[in-house]
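Q: Sharing a structure, written as structure tokens. Questions coming.
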Amino acid sequence: MGKAARLRQERERGKRHARPLLCLVFVDVDYDRGSRAHGRGVVPAPPEAWAVGRSGLVRAEWDGTRLRETGAELVDGPHPASSLVRALEGREIIVGHGILTADLRAAVMVTDVPDSLLRRVIDTLAFAWRIRGVSFPAGCNLSALVAENLGSERQKSRYPGSAPGLRHGSDPSPHRGDHDPCADARLVAALWERWVTTRRLSWGPGAPSWTCEEGHTRDGSPGRSAALTAEHIAELTGRRPHAEAAGWRSAYRWGKDIDPASAALLANLSAADLPAPTVIRKMARRLQDTGMIPAGQELTDEDLYTACQYLGAKQNLEVRERLARGRDITKPLREPLAWALWQSTHPDWLANPWTTDQKRRIRAQLETVVS
């Protein structure tokens, strides 16, 4: 071999060694409408009834020893669900906390989620539930995992009794605040790196599991932790199928769901299972003709399916069932659906929740138009 050929070979060998072993994208999703319950004794809605809002994406490279961030992206604006799916196209391993158990369950109600994407997804929440070995995932939310594994506190504000990003109290008006979802995506990245490097997963207080060994939380209360096997690490790094992703099409639910009955019914009426939302389009055009929603806005099928997500879970199900059967919208559903169309087409509603009097006036006008 000549000197020039040998130098080329050495350069190529050096390039191969310098290449990252794994490219990943870490995801956190905020919701414009969580559609959760408010008040005692009210059953919260499943993720199939939530409306996807903005998403934070953090891209990184893993060289086998450390994770290096290469870029961040905020997915916002119109059609947030399909925009998120498009942003996740490629070959990167996709990692999110609740991405299978919540985020994609909401997205699939308004847009398609391809199998090529699902094959690259890892849900750290579903993974932690399984490692913990109990049906109810106490101590596995992102705040608890960050505290137990990273020894730090999550900065995102919590809204007791409502979905992330919604106001506390009886008024479910959106109030997302200025929190950057990329911040939580970076926490997911830090969790992933800690698990892969230490090969140990810890969670917060909760019922003990016979599969794991004793540990303690930072305040001294009983906690738990478990060693991660080589198979677990292979799963986290994409060299082995993620169990929950493999069965996502046939069963959207793991652990103890919020409302299994509603989730099962809604899951069978995702966007791919329904015909074009013609009856909703007719109502939207009527509202546009009267100036109740923007006249110049061309509403896609995704926009109209998204409006259903602003309904309560039961009304969402009723509207989707009528679409599936090719039937018109009944009178009791017209005003709620008109209100849902109004909310989904007014971004200022998300930034500045309206007063009760303002909402009452708008709803009265909508009821007059659609009655």
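No value in this document is a laboratory result; all are computed from the given coordinates. Please read all numbers here as calculations on a predicted model, not as lab measurements. Here the Cβ positions follow ideal geometry from the backbone for every residue, glycine too, while neighbour counts run over all protein chains shown.
Q: State, to one decimal in nm², a quarter of the convex hull surface area for the C-alpha atoms of region 274-370, i.e. the direction-averaged projected area. Before the final figure, lay out each step's value.
A: Values: hull surface 23.8 nm².
Mean projected area of the Cα convex hull: 5.9 nm².
Q: For region 316-371, which trypsin sites (Lys or Arg not before Pro) are in a loop by DSSP, counting at most 10 other Cβ atoms within 10 Å?
A: Arg327
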